[in-house]
Every structure is written in C-alpha cells, then in structure tokens.
Amino acid sequence: MTFQQTETLRAGPDERGHFGAFGGRFVPETLMPLILELEFAYAEARTDPAFQNEMASYLTNYIGRPSPLYFAERMTEHLKGAKIYFKRDELNHTGAHKVNNVLGQIMIARRMGKKRIIAETGAGMHGVATATLCARFGLECIVYMGSVDVERQEANVLRMKMLGADVRAVDSGSRTLKDAMNEALRDWVTNVENTFYCIGTVAGPHPYPVMVRDFQCIIGRETRDQMMQSEGRLPNSLIACIGGGSNAIGLFHPFLDETQVLMYGVEAAGHGLNSGLHAASLAAGRPGILHGNRTYLLMDGDGQIEDVHSISAGLDYPGVGPEHAWLNSVGRVKYLSATDEEAICALQLCARLEGIIPALEPAHAIAKAIELAPKMPNDHLMVINLCGRGDKDLANIVSYLGGSKR
Ligand SMILES: *Cc1c(COP(=O)(O)O)cnc(C)c1O
C-alpha cells in the first residue's frame, strides 16, 4: 500500500470536493449557486442535533434499522473457509440500501424549501425509494429512467406509479442509467429554482459524493457494532458490489483506517472484461469527466462514453464514484469483477443454502466471496453487503436461465 499509515483515509474530500485527483464539480454556471446553496444546507444540517434526531427516528421507525448482521451458516459450511456474515440491508423498507440516502436528501430538500424532487434510476430501486419518501412528505416526484430499464424492471415502474411518481422513459443514448442521469441534469438546469435533484449514488458534483457517502455510512457503523457484539472483534474482510459505489463506501468508510481490514469492491464484468460488454470502470476505464466529477470512465478512443452492459441494471453505469477511484489509486481497496454468469450462479447458491434471494447486484459480491472464502482460515470474519433483494430481478433471471431447471 502506498498511503501513509499515520494519515487518516477518512478525511476527504477537500473543500472543493477532491479525493486526490478525482471528484470536484464540473457543472454549468447556472447550477453553481444552487450547488453552493446545497453545500451550505448540508453543512448546517450535519451538525444540527435536531436534524440528527429526526433522521434517527425515521431510520428506526420507518426504514426499520438497524438491519441485522446475519451469520450465513450453511454458506460458511459449504465454502469451508472464512466465517461468512451478511449485512442484511435488503430488509430495509423498499428493499435496498438506497433509502438510507434518499431519506437524508429528502430531509435536506425540506430544509431548503424545495417541493419538486427529481431523480434518475437504473434498476428502479432509487426511483422507488425516492417516490416512497416523496409520498411520505407530500412532495412532487419525477423519475427519469432509461427505456431499456423501464422494460427490464417493470415491477419497480409499477411501484413508482402506485406511489404517485411521474416516471419518464429516456430514449436517448444507450437508454440506461447514464442517459437517465443526463436527462435529470438537464431538468435541473432548467428548473433550478424549485427543484431538488436527489442523486442515487456517490457520483455527481461535490457535495453529492460526500453527502451520499455520509448517509450510507450507517451500514458500516452498524456492522462494526454488531460484529463487536457477536464476535468481540472487527471483521477481517468486507465485500460489496460497485455500481456507483454507494453501498460499498457506506460499508467500507467507517473501517478505512483499520488497515488490517481487507476490502473488496466488485464491479460488473458482464460477458467478460475482454468482451467489450461490461461495466467495470476501474478495471478497464481511464480518468475523464462525467456527471460533474472526474473519475474512471469507460470511454472509446475519442473520449466518448461507451455503452456498458451488466445483467444487473443497478451496476450498468459507465463510471464509478470519485472516492473509489481514489481508494483504488492509493491501493486501500482491491477492486475485482464478476461476470453475469458468476452472479447468477452465486444468486442460486445463496437462495438454496440460505433461503435468501439476493438482488443481482449483491450477487456479484457473493460471487467473489465464493472465490475468496475457501482461501481464508476458519477464524477469518467476512462480511458481504446484501444491499438489495431479488424480487425485482426474478423475470430477468428466469429469462437468462431460459426456463432451464439449473
Ligand atoms: C442501485 C443499487 C446498486 C448500485 O449502486 P451503488 O451506489 O453502487 O450501491 C447495488 N445494489 C442494489 C440492490 C441497488 O439497488
């Protein structure tokens, strides 16, 4: 590792939103006043005990936190190595970790007096979480979603509509998450006065990556307390999937300075890293600017954003949060990737051994745990972030398996 052991890895970003050479805010001038207003509102809320108490109450009584840290006994016996735990964030209200962040941003929007909320969504989980909290607080909700994703995540589209959201299908580009995000940014520039843009991952211009991270850190803080309770010591390794990287950084961040804790982020390798059909920005990308920040991106020779692929709509994004780009460059977190096929196999194994159907996204993390755990001693404590449940993916999985009885 190249970083200094004496420095904290949890201090970033700097005041302009940089994590080393990554992050920042590359936005049109019209957005700057709003971004500064948001930065100010967030800085104020962060240290306001009333805000913290209100958040804590909704996290407990509406979202259902803390989520359990569960010992996956049969998975552990099967893999014959590390002792495996699941952090059960799929049990949150709305079925994924997204709601931790959306609650925080909606509370900020309320403080700022914004009544119109816009969001982008890929798998639809962020859209559902946003539609849910907008319903709860009586706010207008508009969700942009690539038309490809509208088709493959039909159940979530129906949920958003049921909750009163206006779901707008985006037909430009690859018609997936990146295009939905472009459209949301366009809306924001046009409607700056009354609109709050609720971003679903640790991307976008500063202060979004740090704000979303802070809201997701509850995952890692709970894991830390729960592991101390059950095992009396810290975990030895943490594994999480990476779309933009919000569930992963939420688990990792509270442990970053514990240099003995190994961390693995798992990107989507789609049909394979050499196939050209994947979404592994750190493994196969290079630095560039997209959606207001500098990070690793999948680009062609001219710097145009490439079409990406993953069986999991939530990982289908050509970039990655800037803090992950930095953690990769300093060597603190190891980034791996799992293919569609590996994720499907891992999902099936988890369903049969533990009676838990994970979403396709965390199935990528489970796939790498299946590889890593057998190489570890029995006293190695491994935590996998189970950041979402598989209900939304069933039709997709069945069609991938082609009706076979695998
Ligand atoms: C959105 C989503 C992801 C990807 O987003 P991150 O910001 O990387 O966490 C992963 N898993 C689930 C279940 C999701 O809904």
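The values are calculated or read from the model by the stated rules, or taken from the named source; none is laboratory data. Since this is a predicted model, take the numbers as computed values, not measurements. Cβ atoms come from the backbone with ideal geometry, glycine included; neighbour counts cover every protein chain shown. Heads up: the accessible areas ignore ligands, DNA and RNA and are worked out on the full protein's heavy atoms, side chains in. Shrake-Rupley method; radii C 1.70, N 1.55, O 1.52, S 1.80 Å.
For the reader, a short list of remarks on this structure follows.
- A crude spin-label estimate for the pair LYS115 and GLN229, with each label 7 Å from Cα along the Cβ direction, gives 4.2 nm.
- MRE, 222 nm, helices only [DSSP H, n ≥ 4, -39500 (n - 2.57), over the chain, to nearest 500]: -12500 deg cm²/dmol
- Accessible area per residue for the chain, computed on protein heavy atoms with a 1.4 Å probe, is 38 Å².
- Simple Cβ-charge dipole of the chain, Lys/Arg +1 and Asp/Glu -1, about Cα centre, in debye nearest 20: 740 debye
- Cβ-based net charge around LYS368, under 15 Å, with every Lys or Arg adding one and every Asp or Glu removing one: -4
- Binned Cα-Cα distance frequencies in the range 209-312 - 5 Å width, integer %: 2, 12, 18, 19, 17, 13, 10, 6, 3, 1, 0
- For the chain: relative contact order, % (alpha-carbon pairs under 8 angstrom, 6 or more apart): 21 percent
- Volume in Å³ per residue [convex hull over Cα atoms, computed for the range 50-198]: 134 Å³
- In the range 340-406, taking the dipole from charged Cβ atoms about the Cα centre, the farthest positive-side position among MET376, GLY402, ALA346 is held by GLY402.
- Positive-pole candidate from HIS309, LEU298, MET227, dipole of the chain, charges at beta carbon: MET227
- Among 266-279, 378-391, sorting by the average number of other beta carbon atoms lying within 10 angstrom of each residue, highest first, gives 378-391, 266-279.
- Here's the picture: charge each Lys and Arg Cβ at +1 and each Asp and Glu Cβ at -1 in the range 150-267, and of SER172, ASN247, PHE196 the one pushed furthest to the positive end of that dipole is SER172.
- The calculated P(r) of the range 15-65, using every Cα pair and 5 Å bins from 0, goes 5, 16, 16, 16, 16, 13, 13, 5, 0 in percent.
- About its Cα centre, the range 59-113 has a charge dipole of approximately 180 debye under the convention of +1 per Lys or Arg Cβ and -1 per Asp or Glu Cβ, with nothing else charged.
- For the chain, the share of accessible area belonging to carbon and sulfur comes to 51 percent (1.4 Å probe, ligands and nucleic acids excluded).
- No Cys partner within the rule (Cβ under 4.7 Å), the chain: CYS198, CYS217, CYS241, CYS345, CYS350, CYS387
- Eigenvalues of the alpha-carbon gyration tensor of the range 320-406, scaled by 5 and square-rooted, set the equivalent ellipsoid semi-axes at 26, 17, 11 angstrom, largest first.
- Dimensions of the range 1-138 along the principal axes, based on C-alpha atoms and rounded to the nearest Å, stand at 56, 45, 33, largest first.
- Using the Cα coordinates of the chain, the gyration tensor eigenvalues translate into equivalent-ellipsoid semi-axes of 29, 24, 22 Å, sorted from longest to shortest.
- D_trans [Stokes-Einstein, Kirkwood Rh over alpha-carbon pairs] for the range 357-403, 37 °C, 0.692 mPa s, µm² s⁻¹: 272 µm²/s
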